[in-house]
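The values are calculated or read from the model by the stated rules, or taken from the named source; none is laboratory data. Source: prediction; values computed, not measured. All Cβ positions, glycine included, derive from the backbone under ideal geometry; neighbour counts span all protein chains shown.
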Amino acid sequence: MKISKKCDYALRAMMTLVENYGNGPLSIRQLAQRNVVPKRFLEHILLDLKAKGWVTSVPGKHGGYLLAKSPDQITLGEIVRYFDGLLAPIACVSVTHYQPCPIESGCRFRRLFLMIRNEAAALLDRTSLRQAYQGKPVKRQEIFDEALVEGAGI
């Protein structure tokens, strides 16, 4: 599973709104600057988030965007599915982008990718914005841990 830039930027903006939850609206400029997102692209993303009822806008000089719901009521799974739809690593185990494979009836590795899809979906679906925000940032050494990288083909 790889998320799109649009989904990445949406998640960044949502995390910033969680951080600011209860403190009033943030302008598009503030959201764009804090998250290193092109302002024009973010405008479209925020309109999508607003259409889904996850954010609301406040007009005026001191207006901007804020969460329309509690961060406990929105999951990462909802957001990822809305922007990308696809949670499956390969098309033959995708619900929304299923494509048949000529060897699927006898494929021995397909089950593993189905399990990966199911585990990723379950994790995203049970993780609220608040829970994700409360997690610790990933450190660079965690990504390049030799026990995982050495020969793992990650």
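Just to be sure I understand, how many residues within the stretch 17-60 are surrounded by fewer than 18 Cβ atoms within 10 Å (Cβ to Cβ), closer than 18 Å to residue 71 by Cα and either of a type in the set (D, E, K, R) or in contact (Cβ under 8 Å) with a residue 40 or more places away in the chain (or both)?
So the count comes out to 6.
Which pairs turn up if I take residues in the stretch 131-154 that are loosely packed, with under 10 Cβ neighbours inside 10 Å and modelled with pLDDT under 70 and look for partners that are assigned to a helix (DSSP H, G or I) and among the hydrophobic types (A, V, I, L, M, F, W, C) with beta carbon separation below 9 Å, at least 6 apart in sequence or on another chain?
Sorted first by the residue in the stretch 131-154, then by its partner, the pairs are 154/143; 154/148.
If you check 83, 113, which single one turns out to be aromatic (Phe, Trp, Tyr), closer than 18 Å to residue 18 by Cβ, in contact (Cβ under 8 Å) with a residue 12 or more places away in the chain and surrounded by 14 or more Cβ atoms within 10 Å (Cβ to Cβ)?
Working: 113 fails: closer than 18 Å to residue 18 by Cβ.
Exactly one of 83, 113 is aromatic (Phe, Trp, Tyr), closer than 18 Å to residue 18 by Cβ, in contact (Cβ under 8 Å) with a residue 12 or more places away in the chain and surrounded by 14 or more Cβ atoms within 10 Å (Cβ to Cβ), namely 83.
Select the helices (runs of 4 or more DSSP H) contained entirely in the stretch 1-55, then report the ones holding at least 1 residues which are over 16 Å from the mean Cα position of the chain (by Cα) and more than 21 Å from residue 130 (Cα to Cα).
In the stretch 1-55, the matching helices (runs of 4 or more DSSP H) lie at 28-35, 39-51.
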